[in-house]
Amino acid sequence: MKIVSLFSGAGGLDLGLIQAGHTIIWANDSDPDAVATYRKNIGQHTRLGPIEEVDSSEIPDCEVVVGGFPCQGFSQANLLRFEADERNRLYLEFLRIVGSKLPLYFLAENVRGILSLGGGRAIEKIENDFSSLGYRVKKMLFNVADYGVPQSRWRVIIAGTRCDLDVSRDFQFPQPTHANPNKSKSNALKPWVSIGEALASIPEPNEPHSLPNHIGSQYKVTNRNFTGHRSTEPNKPSPTILARGNGKGGVCAIQHPKNHRRMTIRESAIVQTFPLEFEFVGKMNACYRQVGNAVPVLFARRLGEQLGNEISGNSLL
């Protein structure tokens with residue numbers, strides 16, 4: 001299918017969808033480094049600049065719109081003045097473009113906290129907004145470790161199917177392929193992939209290698225019970241790869257499974273299931289941030305494969 005990607009960042013979601021056989025015909029992001037990374041690795045079809053400055057007529061027609069919008073403005077207080085909150089403008093842009101292009105499907109990715117914001121009223125409003133455009137809307141919370149990603153990362157996917165498609169063509173969320181080996185009773189599911197397995201063949205950054213972006217933060221290892229400072233357990237999936245640090249501007253890289261240093265950009269990208277040859281552009285913090293903001297490529301591929309299954313043979317294409 002032909003897909004338009006909003007807030008595309010470095011392209012983790014898009015790359016996974018491409019691997020599943022789809023075509024990204026237009027993409028957009030306002031981060032120059034992320035757009036440079038996208039163009040270097042994926043293609044020249046991404047546009048740099050604020051999405052609010054793009055008229056919908058400039059965006060090609062498509063079968064699917066995808067993207068992840070910020071949710072900081074969806075607080076209980078701000079729901080009373082929803083459109084007046086500057087932080088909600090990107091969500092409203094996503095809504096605008098879906099309403100203008102009317103794709104067969106849309107997929108929106110967000111943090112799990114969106115489910116509880118405003119006591120649940122924020123997600124209810126989002127679902128109602130998309131329903132009013134003519135879509136059947138569903139949502140689901142995922143841990144990407146359940147899909148072969150060597151990382152515990154909880155994300156919400158909001159999926160919409162245009163109402164003129166038969167109900168049997170509704171988008172169906174992909175079924176897990178992996179499970180926590182300590183809890184699963186199913187022999188059909190593979191055990192979670194651990195961070196130790198994922199990084200087993202990666203040399204130390206000071207050893208001979210040809211890996212791009214295999215440089216890392218020298219921020220000390222502290223082993224405190226605080227986000228970004230906890231020790232990493234090598235036999236479990238990685239903690240969530242972060243895009244931000246402790247509020248002071250820098251990115252706090254997760255500790256290596258040996259807990260002797262912090263993971264490099266390349267190691268973080270491996271945990272996010274980017275290919276080894278995928279090269280990030282920009283200064284160290286910018287690269288870490290691009291990696292942390294991305295949808296894991298393998299999880300995106302699973303979504304794309306399911307999207308292909310649902311639309312196969314649909315007469316509207």
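List every residue pair whose Cβ atoms sit under 7 Å apart, with the two residues 6 or more apart in sequence or on different chains, where the first one lies in the stretch 146-170 and is under 27 Å from Ser184 (Cβ atoms) and the second, anywhere, is crowded, with 21+ Cβ neighbours inside 10 Å and basic (Lys, Arg).
Tyr147/Arg302
Tally time: how many residues in the stretch 88-123 are modelled with pLDDT of 90 or more, assigned to a loop (DSSP other than H, G, I, E, B) and of a type in the set (S, T, N, Q)?
Residues meeting the conditions: 0.
Does Phe130 meet the test of being in contact with a Gly (Cβ under 9 Å, 6 or more places away or on another chain), farther than 11 Å from Arg162 by Cα and in a helix (DSSP H, G or I)?
No: the conditions fail for Phe130.
Within the stretch 307-317, how many residues are surrounded by fewer than 24 Cβ atoms within 10 Å (Cβ to Cβ), among the hydrophobic types (A, V, I, L, M, F, W, C) and either at pLDDT 80 or above or not in a helix (DSSP H, G or I) (or both)?
2
Quick check on the stretch 155-179: of everything there that is among the polar types (S, T, N, Q) and touching a strand residue (DSSP E or B) at 6+ places or on another chain (Cβ under 8 Å), which residue is surrounded by the most Cβ atoms within 10 Å (Cβ to Cβ)?
Thr161
Search the stretch 244-288 for residues being among the charged types (D, E, K, R) and over 22 Å from Leu17 (Cβ atoms), and hand back the single one that is modelled with the lowest pLDDT.
Only one residue tops the list, namely Lys248.
Out of all the residues in the stretch 20-37, is one or more crowded, with 24+ Cβ neighbours inside 10 Å and aromatic (Phe, Trp, Tyr)?
No, there is no match, as no residue in the stretch 20-37 is crowded, with 24+ Cβ neighbours inside 10 Å and aromatic (Phe, Trp, Tyr).
Do you know which residues across the stretch 269-306 are farther than 22 Å from Ser217 by Cβ, in contact with a helix residue (DSSP H, G or I) (Cβ under 8 Å, 6 or more places away or on another chain), not hydrophobic (A, V, I, L, M, F, W, C) and not in a loop (DSSP other than H, G, I, E, B)?
Arg301, Arg302, Gly304 - these are the residues of the stretch 269-306 that are farther than 22 Å from Ser217 by Cβ, in contact with a helix residue (DSSP H, G or I) (Cβ under 8 Å, 6 or more places away or on another chain), not hydrophobic (A, V, I, L, M, F, W, C) and not in a loop (DSSP other than H, G, I, E, B).
Name the residues in the stretch 2-36 that are touching a Cys at 6+ places or on another chain (Cβ under 8 Å), in contact (Cβ under 8 Å) with a residue 60 or more places away in the chain and either of a type in the set (A, V, I, L, M, F, W, C) or over 20 Å from Gly308 (Cα atoms) (or both), would you?
Ile3, Val4, Asp33
Results for (1) over 18 Å from Phe274 (Cβ atoms); (2) modelled with pLDDT of 95 or more, shown as yes or no for each residue.
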{"site": "Ile157", "(1), (2)": "yes, yes"}
{"site": "Thr161", "(1), (2)": "yes, yes"}
{"site": "Asp170", "(1), (2)": "yes, no"}
{"site": "His178", "(1), (2)": "yes, yes"}
{"site": "Ser184", "(1), (2)": "yes, no"}
{"site": "Gly196", "(1), (2)": "yes, yes"}
{"site": "Leu211", "(1), (2)": "no, yes"}
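The values are calculated or read from the model by the stated rules, or taken from the named source; none is laboratory data. All values reported here derive from a predicted model rather than from experimental measurement. Here Cβ is always computed from backbone atoms with ideal geometry, including for glycine, and neighbour counts include all displayed protein chains.
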